[in-house]
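A.B. asks: One structure coming up, written as structure tokens, with questions to follow.
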Amino acid sequence: MKDGKAPAAAASNNTTAAPQKPKPASAAKMKPRHRRVIYAFYLSVLVPTIAAAVYLFVFAKDQYASTMGFSVQSQETRSPIDLLGGITQLTGNTGSDTDILFEFMQSQRLVQNVDAALDLRSKYYQPSDPFFSLSNDASIEQLVKYWSRIVNIYYSKSTGLIEVRVTAYDPKDAQMIGQAIYDESVRMINDLSTTARNDATRYAREELQLAKDRMKRSREAIQRFRLSTQIVDPQVDIVGRMGVLNSLQEQLATAQIELDLLFQTAGTGDPRVKQVERRVSVIQKRLDSERERFSSAEGDTSGAYATLVGEYERLSVDRQFAETSYLSALSSLDTAVADAARKSRYLAAYIEPTLAETAEYPRRVIALATLAGFLFAAWAISVMIYYSIRDRR
């Protein structure tokens, strides 16, 4: 009996010592912090996205785009002499001019010119679309800022091509604004060409003016010399004076020969001898007087005749040098003008301003998706930062 009861008691003890099964976990309950995360999602992501969708699809006005493209070209035509009878045109992009044009199309000056011609405020004022439209009393600074939203410029430095896209609420307005931008760009490039041409010829023009002034002064100096001496050309005058001297010398020689002949046939008291002697004396005095004029002073203003001749030669040399310099400067100016005329810049349009038929802007789906993605990313980052701070406590 005792042996039979022992196993039964052992079995009873084993049954009592066996571990119990764990109870199933209770259902998770939403805590206040979970509700705050969901409310934050509604307020920061869902509500703004819905509001943006309502504005984009209900209030935002359709906008049309006009596209145009052009580049700045430079042309240089060489003369036939330089190319031995051939004419070559070298055409290429001018990087610096294109950079200047790119900055000009974003400048306040261009915006003012286009606004003066087309009245941009009236074309972009839409009371029902305050986000994408322009205020009717916007200042020029606000207009320049708004310009970057309606005019997109794409510039490739490698090719030198510029493409411009203009958006407006009316397709014809977009095309007109694009045409106005093109016209102002053409005017600016023409101004650059004119400035470059003037710079290229300015030095030659200055040299020509200096040569002209020098020639004028030299001619005035000769004119004053002629008025003061009453001699038009001393070279011509000296030829006349030398003729008078030669004539007097011949007359003196003739009279002396006649006097010698009279001495051989008549006495000293002969009236004929006295008459010839008087003639010889008069001729000799006149001859001495003419010779004195080449070395002695003549009056108060004109010096010795040799001095007058030297002064006139100096003035003549100055005049000849001035005239030669003037001709050289005039030739240099003609050459500079011809070189500048062979070099020109112009705006080559490969796409004329287009007229849109379908509204492409605003791109509602892309704008809405971008906004929703940004808001969701901001919400998710904020939630992760919140739980990270919470877990550290």
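The values are calculated or read from the model by the stated rules, or taken from the named source; none is laboratory data. Just so it is clear, the model here is predicted, and its values are computed rather than measured. Ideal geometry is used to build each Cβ from the backbone, glycine not excepted, and the neighbour counts take in all protein chains shown.
A.B. asks: Could you please let me know if Ala356 is surrounded by 12 or more Cβ atoms within 10 Å (Cβ to Cβ), part of a strand (DSSP E or B) and in the same structural domain as Met68 (by TED's automatic domain parsing)? Give the derivation first.
C.D. replies: Numbers: surrounded by 12 or more Cβ atoms within 10 Å (Cβ to Cβ): yes; part of a strand (DSSP E or B): no; in the same structural domain as Met68 (by TED's automatic domain parsing): yes.
So Ala356 fails the test.
A.B. asks: Which one of these is of a type in the set (D, E, K, R), at pLDDT below 85 and more than 30 Å from Ser96 (Cβ to Cβ): Glu220, Glu250? Reasoning before the result, please.
C.D. replies: Working: Glu220 fails: at pLDDT below 85.
After ruling out the rest, the residue left standing is Glu250.
A.B. asks: Look at Ser135 and say whether it is within 24 Å of Leu347 (Cα to Cα) and touching a residue at least 12 places away in the same chain (Cβ under 8 Å).
C.D. replies: Answer is no for this residue.
A.B. asks: May I pose another question? Go through the stretch 1-115 and tell me which helices (runs of 4 or more DSSP H), entirely inside it, have 1 or more residues that are aromatic (Phe, Trp, Tyr) and at pLDDT 65 or above.
C.D. replies: Answer list for the stretch 1-115: 32-41, 95-104.
A.B. asks: Somewhere in the stretch 328-346, is a residue within 30 Å of Lys61 (Cα to Cα), hydroxyl-bearing (Ser, Thr, Tyr), surrounded by 14 or more Cβ atoms within 10 Å (Cβ to Cβ) and in contact with a strand residue (DSSP E or B) (Cβ under 7 Å, 6 or more places away or on another chain)? Walk me through how you get there before you give the answer.
C.D. replies: The first filter runs over the stretch 328-346 and keeps only residues within 30 Å of Lys61 (Cα to Cα), leaving none.
Within the stretch 328-346, not a single residue is within 30 Å of Lys61 (Cα to Cα), hydroxyl-bearing (Ser, Thr, Tyr), surrounded by 14 or more Cβ atoms within 10 Å (Cβ to Cβ) and in contact with a strand residue (DSSP E or B) (Cβ under 7 Å, 6 or more places away or on another chain).
A.B. asks: Quickly run through the stretch 164-174 and pick out the residues that are assigned to a helix (DSSP H, G or I) and crowded, with 22+ Cβ neighbours inside 10 Å.
C.D. replies: Passing the criteria: only Ala174.
Listed here are the residues, each with its yes/no results for (1) assigned to a helix (DSSP H, G or I); (2) surrounded by fewer than 17 Cβ atoms within 10 Å (Cβ to Cβ); (3) of a type in the set (A, V, I, L, M, F, W, C).
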position: Tyr146; (1), (2), (3): yes, no, no
position: Arg149; (1), (2), (3): yes, yes, no
position: Gly178; (1), (2), (3): yes, no, no
position: Tyr182; (1), (2), (3): yes, no, no
position: Met188; (1), (2), (3): yes, no, yes
position: Tyr203; (1), (2), (3): yes, yes, no
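A.B. asks: Select from the stretch 226-247 the residues that are at pLDDT below 75, in a helix (DSSP H, G or I) and not β-branched (Val, Ile, Thr) and list them in ascending order.
C.D. replies: Selection gives Pro234, Gln235, Asp237, Gly240, Arg241, Met242, Gly243, Leu245.
A.B. asks: If you scan the stretch 283-318, which residues turn out to be among the hydrophobic types (A, V, I, L, M, F, W, C) and at pLDDT 70 or above? Walk me through how you get there before you give the answer.
C.D. replies: Initially, the stretch 283-318 is screened for residues among the hydrophobic types (A, V, I, L, M, F, W, C), giving 283, 287, 294, 297, 304, 306, 308-309, 315, 317.
Ile283, Leu287, Leu308, Val309, Leu315, Val317, listed by residue number.
A.B. asks: When the residues of the stretch 126-144 are filtered to those that are buried (at least 16 other Cβ atoms within 10 Å of the Cβ) and not polar (S, T, N, Q), which remaining residue is farthest from Tyr55 (Cα to Cα)?
C.D. replies: The extreme case among them is Val144.
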